[in-house]
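The values are calculated or read from the model by the stated rules, or taken from the named source; none is laboratory data. Since the model is a prediction, treat every value here as computed from it, not as a measurement. So basically every Cβ, Gly included, is an ideal-geometry build from the backbone, and we count neighbours across all protein chains shown. Protein only, heavy atoms only, side chains kept; ligands, DNA and RNA dropped before computing areas. Shrake-Rupley method; radii C 1.70, N 1.55, O 1.52, S 1.80 Å.
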Amino acid sequence: MLAGIRVVESASLLNGDTLGMLLGDLGADVIKLESPGRGDYLRDFMGQITPHNSPAHVQVNRNKRSVAINARSESGSQAVWRLLESADVFVDGNAGGAMDRLGIGYAAQRERNPGVVYAAVSGFGILGPYATIPTHGMLMTALAGANPVERGADGLMHPIPPSGIGGAEQGGQATTAAAAHAAMNICAALVARSRTGEGCMIDVAGSDAVVAQALTGVTYQLNDSRLTDRSSLPTVDGGVWTGAKYQFYETKDDRVVILAAIEDKFWQSFCTAIDRPDLITDATTNTGGVDFGADENALREELNEVFRTRTSDEWVELAIAYRFPLGPAPSTLLEMAQDRHIRSRSIIVDGEHPDAGPFTYVGSPAMIDGERFTVNRPAPALGQHTREVLAELSYSETDIDAMISAGDAAQ
């Protein structure tokens, strides 16, 4: 859907890399602008499959082309500007101010290319007192309140288990959350530009994105003192929901499913499916027809026995037939990746990288017109497409050779 949109990405590590991946997955021509020599050190960080191919690099730098240009040299700077002037979107995955120091920040780009959509995605954003602090993932989630800790008996800091309905810890991985919100706003900005001709600056902080992703838990915690009726809330002990009707159960084949029959209609369907009309209770009209089965230990123990009578697959088929909320709860990611429904959605995709070999990708959660996700370009080597892209910018072979010989570009 973004075919024809050119994205220039300047990023190392996961923040900007993941955003570029999302745009490339949608069909944009993502050109990864790197420095000769080192480039994106994510290639050599977080483990190796083969030299310069970490799993993270193979995953988040797919569907991109790589050019290696020295933006600080005179001829390199000219080439960078020629590339930037051809861009619809610029992805800045660096700490605040880095692109300004190179002379290619938003103000400079907008002067030459008023339609550019400039997306800065970083740990703490480019506005605010912490903007210039370099970050990694846990700094972002910590600021979001997603990593509360306390001192243990050993004198060291340890995580505090979540309590109540949950909080910011539900916001997930900061880098991925930030990239998703940035991509959504970039697409909106491109729609707006089609009307006005004007681009804009998008500033996304990973710490903010974690809060936004956990909006339900955060909203409830920040407004907890204003609640006047708690009867419809679930009971939670040590971060674990204790209700019998919204609970995990072990099956006959030693696998786990989760039941979520909290609405009266679904609980009745479940009781009918297992031929236990005696478990159907009066409608819980005082809570809007919702009942988590709180403090019903006897019911939970009885359901433990019931769930041991069928395999996981048999329970899923029963849920499909009687339309009540129940699904598998894989105990490991390897088990998850083999689930028939997960496989049908192409969120987990097996592929082949030319250097790293067989690789299992995390695909896209969105299926468009029923199409399965595919990787069109494997993650590139540093500067793999320098000649190709410079030629598209009308550089002659002689000019390209001269730049490479001078160290102003690398192939």
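A few notes on this one:
- Length released on extending from Tyr322 to Glu250, taking residue separation times 0.36 nm less the Cα-Cα span: 23.9 nm
- Residues in the range 49-78 reached by a label modelled at Glu352 [backbone nitrogen below 20 Å; 7 Å Cα→Cβ]: 49-51, 53-55, 58-59, 62-64
- Paramagnetic label reach from Leu127 (point 7 Å along Cα→Cβ; backbone nitrogen cut-off under 17 Å): within the range 76-96, residues 96.
- Antiparallel %, DSSP beta bridges [both residues in the chain], to 5: 50
- Span from the the range 63-112 Cα centroid across to the the range 357-411 one, whole angstrom: 17
- The residues of the chain have, on average, 51 Å² of accessible surface per residue, using a 1.4 Å probe with all protein chains present.
- Simple label model, 7 Å out from Cα along Cβ direction - Ser331 to Met367, nm: 2.9
- Put Trp241, Trp315 in order of accessible area, highest first, and with a 1.4 Å probe you get Trp241, Trp315.
- Distance from the alpha carbon centroid of the range 23-61 to that of the range 313-336 works out to 36 angstrom.
- Axial C-alpha extent at least 24 Å, average Kyte-Doolittle at least -1.0 - helices from the chain (DSSP): 174-196
- Förster-model FRET efficiency, 56 Å R0, Ser86 and Asn223, C-beta, rounded to 0.05: 0.70
- Label point distance in nm, Asp313-Ser396, each placed 7 Å from Cα along Cα→Cβ: 6.7
- Rounded accessible area of Glu397 (nearest 10 Å², 1.4 Å probe): 100
- Label positions at Ile49 and Thr196, each projected 7 Å from the Cα along the C-beta direction, are separated by 4.2 nm.
- Using a probe radius of 1.4 angstrom, the carbon and sulfur fraction of the accessible surface of the chain is 54%.
- Difference of contour (0.36 nm per residue) and Cα-Cα distance, Arg343 to His136: 71.4 nm
- Of the listed residues Leu102, Leu2, the order by accessible area with a 1.4 Å probe, largest first, is Leu102, Leu2.
- Taking a sphere under 15 Å around the Cβ of Asp92 and counting the other residues whose Cβ falls inside, with K and R at +1 and D and E at -1, yields a net charge of -4.
- The chain - mean residue ellipticity at 222 nm from DSSP helices (-39,500 (n - 2.57) per run, n ≥ 4, rounded to 500): -10000 deg cm²/dmol
- For the peptides 268-276, 38-46, 341-349, 221-229, the ranking by mean Cβ contacts within 10 Å, running from highest to lowest, is 38-46, 268-276, 341-349, 221-229.
- For Ala379, net neighbour charge (Lys/Arg +1, Asp/Glu -1) across residues whose Cβ lies under 15 Å away: -2
- Ordering of 119-130, 203-214 by burial proxy (mean other Cβ atoms within 10 Å per residue, highest first): 203-214, 119-130
- Matching label, Kirkwood radius over Cα pairs in Å computed from the structure shown, candidates (i) 22.5; (ii) 24.4; (iii) 21.9: (ii)
- For Arg345, the shell of other residues with beta-carbons less than 13 Å away shows a net charge of +1, using +1 for Lys and Arg and -1 for Asp and Glu.
- In plain terms, the chain from Arg112 to Lys265 could stretch by 49.0 nm, reckoned as 0.36 nm per residue minus the Cα-Cα distance.
- Cα shape, the range 256-330, gyration tensor, a/c 1.5 rule: prolate
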